[in-house]
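Q: Quick one: structure below, then a few questions.
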Amino acid sequence: MAQSKQQIKALDALHQQILDENICPDLAASATQLVFGEGNENADLVFVGEAPGKKEDEQGIPFVGAAGKFLNEMLAKIGLAREDIYITNIVKYRPPNNRDPRPAEKLAFLPFLQKQIEIIQPKLIVTLGRHSMECFLPGLKISQAHGQVVQKEGQAYLPFYHPAAALYNGSLRQTLIDDFANLPHLLETN
């Protein structure tokens, strides 16, 4: 329990540090609020997306739009709930008009994401989409790496397609469902 309280305090301090240091002021000015992350600070699984969307920006919680609902469904199919995992994004503010995060924006937030991961100490980091995967595993192609654990510097990563992409592409939807179905086994063996 003490570890959990320390982790919560450390995550809260990190959240405040982003605000105090005014990280990505242009993004901050165009967003409603910072979307830091949510979930179990002792999670074995950390899911990392690219950036908040409209619903996330409004609510201050990652993955609450259509892609989040699909993510919740896939978690439920493998016996997990959002309370069992921790979920965040590389970039913590919504880019205007849902554009892709720019390289400089991802770079500005990367130390904070790395610190979040260091605080939580997950067994497995699930990257959701190409932007997230490239942040940790540059040079890989998601079409080839999805669903396969990649070890790097003592950390296990599991690239997945982004749930939003699967909503618009029926073939990716089944691929993502299949990859999720294998997640409990991969977590157990890593």
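The values are calculated or read from the model by the stated rules, or taken from the named source; none is laboratory data. Since we're looking at a predicted model, the values are computed, not measured. Don't worry about glycine lacking a Cβ; one is built from the backbone with ideal geometry, like all the others, and counts go over all protein chains shown.
Q: Do the conditions hold for residue 66, that is, is it modelled with pLDDT under 95, closer than 29 Å to residue 175 by Cα, surrounded by fewer than 20 Cβ atoms within 10 Å (Cβ to Cβ) and not β-branched (Val, Ile, Thr)?
A: Here the answer is yes, as residue 66 does meet what is asked.
Q: Just to check your reading of the model, which residue among 117, 125 is of a type outside the set (Phe, Trp, Tyr), in contact (Cβ under 8 Å) with a residue 60 or more places away in the chain and surrounded by fewer than 21 Cβ atoms within 10 Å (Cβ to Cβ)?
A: Answer to the selection: 117.
Q: Condition test on residue 181, is it out of contact with any Asp or Glu (no Cβ under 7 Å at 6 or more places or on another chain), closer than 26 Å to residue 10 by Cα, surrounded by fewer than 21 Cβ atoms within 10 Å (Cβ to Cβ) and aliphatic (A, V, I, L, M)?
A: no
Q: Residue 8 passes all but one of (1) surrounded by 17 or more Cβ atoms within 10 Å (Cβ to Cβ); (2) more than 17 Å from the chain's Cα centre (by Cα); (3) among the β-branched types (Val, Ile, Thr); which number fails?
A: All conditions pass for residue 8, except number (1).
Every residue, every condition in (1) crowded, with 16+ Cβ neighbours inside 10 Å; (2) charged (D, E, K, R); (3) in a helix (DSSP H, G or I), yes or no:
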| position | (1), (2), (3) |
| --- | --- |
| 16 | no, no, yes |
| 19 | no, no, yes |
| 23 | yes, no, no |
| 29 | no, no, yes |
| 32 | no, no, no |
| 48 | yes, no, no |
| 57 | yes, yes, yes |
| 62 | yes, no, no |
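Q: Given (1) farther than 25 Å from residue 154 by Cα; (2) surrounded by 15 or more Cβ atoms within 10 Å (Cβ to Cβ); (3) at pLDDT 95 or above; (4) out of contact with any His (no Cβ under 9 Å at 6 or more places or on another chain), where does residue 38 come up short, assuming only one miss?
A: (1)
Q: Then there is this: Counting only residues that are touching a strand residue (DSSP E or B) at 6+ places or on another chain (Cβ under 9 Å) and over 19 Å from residue 25 (Cβ atoms), how many does the range 84-115 have?
A: 5
Q: Now a separate question. Of the conditions (1) closer than 25 Å to residue 173 by Cβ; (2) surrounded by 15 or more Cβ atoms within 10 Å (Cβ to Cβ), residue 155 satisfies every one except a single condition; which number is it?
A: Failing condition for residue 155: (1).
Q: Restricting to the range 64-121, name every residue that is assigned to a helix (DSSP H, G or I), over 22 Å from residue 161 (Cβ atoms) and of a type in the set (S, T, N, Q).
A: Scanning the range 64-121 gives 97, 114, 116.
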